[in-house]
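The values are calculated or read from the model by the stated rules, or taken from the named source; none is laboratory data. The shown structure was predicted, so the numbers you read here are calculated from the model rather than taken from an experiment. Because the Cβ atoms are built from the backbone with ideal geometry, glycine has one as well, and the counts that use them run over all protein chains shown.
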2 protein chains.
Amino acid sequence: MSKKPARDRLAEAAFDLFDERGYEQTTVDDITERAGLGRTTFFRYYRSKEDVIFPDHDRLLEQMAERLSATSSEAGMLAVSDAVRVVMVHYLQEGKVARRRYALTSRVPALRDREIVSTARYQRLFSEFIAAWLTDNAGYGRSDSDRDQVALQAEVIAAAMVAAHNHVLRRWLRGQVQDPLPELDKALGRVIKVFAIPGLTPAGDGSSVGATDDTAVIAFRTSTDLDTLISSLKRIVGS
Amino acid sequence: MSKKPARDRLAEAAFDLFDERGYEQTTVDDITERAGLGRTTFFRYYRSKEDVIFPDHDRLLEQMAERLSATSSEAGMLAVSDAVRVVMVHYLQEGKVARRRYALTSRVPALRDREIVSTARYQRLFSEFIAAWLTDNAGYGRSDSDRDQVALQAEVIAAAMVAAHNHVLRRWLRGQVQDPLPELDKALGRVIKVFAIPGLTPAGDGSSVGATDDTAVIAFRTSTDLDTLISSLKRIVGS
């Protein structure tokens, strides 16, 4: 009998059976039998058969919320990049399990759908954080119109960052890149640069972002004071 | 007995019952009884109880694919904006039904999840189209590295456009805007401008994009002379 914790034995048995028999054809009883454990043990760790494949989404969401809530106001977009990195690092730590899950979600539409829904929850968390950060740091007021602009901006940026993350993650899951973190930093850095707002902090290792890239983009409100803009410009061009 | 088509009578009965009894508590039999129609009729139009609420996603996806496939190469991003508009126009045509669905998906997590999954399908269609368009029109080659850059870019732009659409759609569903199409054009135009690619065609009525818009975006090579940049800036801010 394996010395692995019951939780991992159940997951391993489940993944093996899903591969052998198919996801739909496998029952919780099949899984406990293969793992040599009882149903009570199964339901102590997992709410359902589906849960065996996605056990960590709630915990991961909590970790991201924690990372974001510990943020000083200056480091807003850096915190979002870090929270996105939390997801990637989680997958890297899972290693083989993450790749098995990817194979399974590619085959079973119901599981792929569940993953899409989980991703939407991360995206919403990011979007709410970015909206709060923009309100406090990017010169928006609290009128209805400003609030709407902030919400739109935040939703678009969060969607772009999640899409960039998912792109790099999929490349790693497919074995197209061995160390995805520098690629992730670059992709997130580019999104942040594209949506550049005065005072925005670049993502991850700032020095690598833009090192091979000689184009800069800045976005600003046309009501912004010219001197403020020029000093932002000098920072970008001078660096 | 109502003279409405059976399909609409079933939908109306379903929405009424979901409001009165709750979604989970309503069965297909309840719906047919209320509509004064049989189960056979129900299953001619809908595959399930859930389907009554989301009957048009497949048809909508087809309409978008058609709109995209009829595109000349120059008009790439214009076609994507138009395809996004197809979704919005569909909701506007639904009118009250769309608002009832919104109220329902806000209350019933399983329905909200299904909507998120449908949205992901649109987003994927857009992303594939944008990737093909970028490959043909934005000076990318066919090396692995170029292909990856194109895919990343396309996924990020598609995510940003869908997020912009959903933001404006939600405002309309909540009654915060009466005619959402100008707002949608403006939001999509901004996304396209932010991701400025040489040769990119602006969305919708190009003249309206930026006219009432108080955000400016400039892109420049970091090797550009600072004085040149500052005089460009003065022109924008001064205008």
Return the pairs, sorted by first residue and then second, in which the second residue is not in a helix (DSSP H, G or I) and not hydrophobic (A, V, I, L, M, F, W, C), the first residue lies in the range A:142-169 and is free of Cβ contacts under 8 Å to residues at least 40 places away in the same chain, the beta carbons are less than 6 Å apart, and the residues are 6+ apart or on different chains.
A:D146/A:Y140; A:V150/A:Y140
Since A:L61 meets every condition but one in (1) part of a helix (DSSP H, G or I); (2) over 20 Å from A:E12 (Cα atoms); (3) within 12 Å of chain B (Cβ to nearest Cβ), which condition does it not meet?
(3)
So how many residues does the range B:1-51 have that are surrounded by fewer than 18 Cβ atoms within 10 Å (Cβ to Cβ), of a type in the set (S, T, N, Q) and in contact with a Gly (Cβ under 9 Å, 6 or more places away or on another chain)?
1
Expected single match for small (G, A, S), touching a residue at least 24 places away in the same chain (Cβ under 8 Å) and assigned by TED's automatic domain parsing to the domain that holds A:V191 among A:A35, A:A83, A:A14 is A:A83
Out of the residues in the range A:64-81 that are part of a loop (DSSP other than H, G, I, E, B) and of a type in the set (G, A, S), state the one that is modelled with the highest pLDDT.
A:A70
The range A:177-196, residues that are at pLDDT 90 or above and at the interface with chain B (Cβ under 8 Å from one of its Cβ atoms):
A:A187
Verdict on B:L152 being assigned by TED's automatic domain parsing to the domain that holds B:V97, buried (at least 16 other Cβ atoms within 10 Å of the Cβ) and more than 25 Å from B:S69 (Cα to Cα):
no
Residues that are modelled with pLDDT under 90 and under 18 Å from A:R101 (Cβ atoms): which helices (runs of 4 or more DSSP H) entirely in the range A:1-53 hold 2 or more of them?
A:6-21
The range A:132-142, subset of a type outside the set (F, W, Y) and at pLDDT below 85, residue nearest to the chain's Cα centre (by Cα)
A:L134
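Matching residues to (1) in contact with an Asp or Glu (Cβ under 8 Å, 6 or more places away or on another chain); (2) farther than 21 Å from B:V168 by Cβ; (3) not basic (K, R):
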| residue | (1), (2), (3) |
| --- | --- |
| A:S127 | yes, no, yes |
| A:D144 | no, no, yes |
| A:A151 | no, no, yes |
| A:A154 | yes, no, yes |
| A:A163 | yes, no, yes |
| A:R170 | no, yes, no |
| A:D179 | no, yes, yes |
| A:L184 | no, yes, yes |
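Quick one: which residue in A:D136, A:D146 is surrounded by fewer than 17 Cβ atoms within 10 Å (Cβ to Cβ) and within 11 Å of chain B (Cβ to nearest Cβ)? Please lay out each step first, then the result.
Working: A:D136 fails: within 11 Å of chain B (Cβ to nearest Cβ).
Step by step, each of A:D136, A:D146 is checked, and only A:D146 is surrounded by fewer than 17 Cβ atoms within 10 Å (Cβ to Cβ) and within 11 Å of chain B (Cβ to nearest Cβ).
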Whichever residue in the range B:78-127 is small (G, A, S) and farther than 26 Å from B:R190 by Cβ and, among such residues, is farthest from the other protein chains (Cβ to nearest Cβ):
B:G95
When the range A:12-33 is examined, which residues are found to be touching a Leu at 6+ places or on another chain (Cβ under 6 Å) and among the charged types (D, E, K, R)?
A:D30
I need a count of the residues in the range B:106-121 that are without any contact (Cβ under 8 Å) to a residue 12 or more places away in the chain and under 17 Å from B:A11 (Cα atoms).
0
Considering only residues that are more than 19 Å from B:V150 (Cβ to Cβ), of a type in the set (D, E) and part of a helix (DSSP H, G or I), which ones fall in the range A:145-186?
A:D146, A:D148, A:E155, A:D185
Just the residues that are facing chain A (nearest Cβ under 9 Å) and either in contact with a Gly (Cβ under 8 Å, 6 or more places away or on another chain) or β-branched (V, I, T) (or both), please, taken from the range B:149-176.
B:V156, B:I157, B:V162, B:V168
